[in-house]
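Enquirer: Sharing a structure here in structure tokens format.
We did not get these values from a lab; they are worked out from the coordinates using the rules stated. Remember, predicted model here, so these are calculated numbers, not experimental data. Cβ: placed from backbone, ideal geometry, glycine included. Neighbour counts: every protein chain shown.
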Amino acid sequence: MAIELSKDIRKEALASLERYFRENMDEPIGNVAAGALLGFFLEEIGPAIYNQAVSDVQERLQARLADLDYEVHEGMALT
């Protein structure tokens, strides 16, 4: 499943790809080629990045919930 971007975010991503090619490659990339490359990234690589981000957030939330649970139990022990 490809990740969908809003029109504005897609426009920014295309501009970033074009800028990267201008600054780092021997020849610039056109808008159509940049769109195809962005589509490839979103379809092939995007889901892995998305899944890792979700996993990272879940891990942080679980750690925070564990901290809150500890704080609640400590507070109850003091009363």
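Enquirer: Please sort by residue number the trypsin sites (Lys or Arg not before Pro) in the chain whose DSSP state is loop and whose Cβ has at most 15 other Cβ atoms within 10 Å.
Expert: Nothing satisfies the criteria.
Enquirer: Let me ask something additional. In debye to the nearest 20, how big a dipole does the chain give about its Cα centre with +1 on each Lys and Arg Cβ and -1 on each Asp and Glu Cβ?
Expert: 300
Enquirer: Still on this structure, I have one more. Measure nothing but the geometry: give the 0 to 90° angle between the long axis through the Cα atoms of 46-78 and the longest principal axis through the Cα atoms of the chain, rounded to 10°.
Expert: 20
Enquirer: So for the chain, what are the equivalent ellipsoid semi-axes in whole Å, largest first, each being the square root of 5 times an eigenvalue of the Cα gyration tensor?
Expert: Each semi-axis is the square root of five times an eigenvalue, giving 45, 13, 10 Å.
Enquirer: Compute the angle between helix 31-40 and the longest alpha-carbon principal axis of the chain, please, reported from 0 to 90 degrees and rounded to the nearest 10.
Expert: Approximately 40 degrees, to the nearest ten.
Enquirer: While we're here: Given the Cα-Cα distance of I9 and N51 and 0.36 nm per residue of separation, how much length would full extension add, in nm?
Expert: 13.2 nm
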